[in-house]
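Shown next, in structure tokens, is the structure this report addresses.
What follows draws every value from the coordinates through simple rules; no lab data is involved. Treat the numbers as computed from the prediction; the structure is a model and nothing was measured.
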Amino acid sequence: MKKADKIDEIKPVDFSGGMRGKHSEKYRKGHTVKISHVDKTVTVQRFIPDRDAVVLDKDIKAFFPNAEAVNNALRALIAIIPDKRKQVSTAHSI
């Protein structure tokens with residue numbers, strides 16, 4: 001018998017009853033991952049998102065496939081906004 005014959009067929013999973021974003025708030029606060037090794041030991045790792053991380057809403061995320069796309073769009077927006085930083089720093093220095 002071939003090895004492939006021993007493996008059960010992977011059945012499709014129906015996620016239609018799921019709720020998108022159900023655990024996102026907890027995820028933003030950090031999460032723990034337990035990794036079980038072959039030698040029966042377990043490694044526990046705590047993951048805390050970078051405090052500067054930005055989480056996009058679902059409707060916004062549909063337009064940006066990755067961080068590079070978000071950064072490019074923000075740079076284009078910054079380029080057309082009048083530079084208020086110079087005016088604010090000049091006003092405070094008077």
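Given the Cα-Cα distance of Asn72 and Met19 and 0.36 nm per residue of separation, how much length would full extension add, in nm? Could the numbers behind the result be given before it?
Values: separation 53, 0.36 × 53 = 19.08 nm, distance 3.06 nm.
Extra length available between Asn72 and Met19 comes to 16.0 nm.
Using the structure shown, list the pairs from Lys34/Lys61; Lys26/Lys61; Lys34/Lys58; Lys11/Lys34 with a Cα-Cα distance above 24 Å, or answer none. Show your work: numbers first, answer last.
On the way: Lys34/Lys61 29 Å; Lys26/Lys61 19 Å; Lys34/Lys58 28 Å; Lys11/Lys34 26 Å.
Over 24 Å apart, Cα to Cα: Lys34/Lys61; Lys34/Lys58; Lys11/Lys34.
Annotation: aspartates and glutamates with alpha-carbon distance below 18 angstrom to Lys22 (same-chain offsets under eight excluded): Asp14, Asp57, Asp59.
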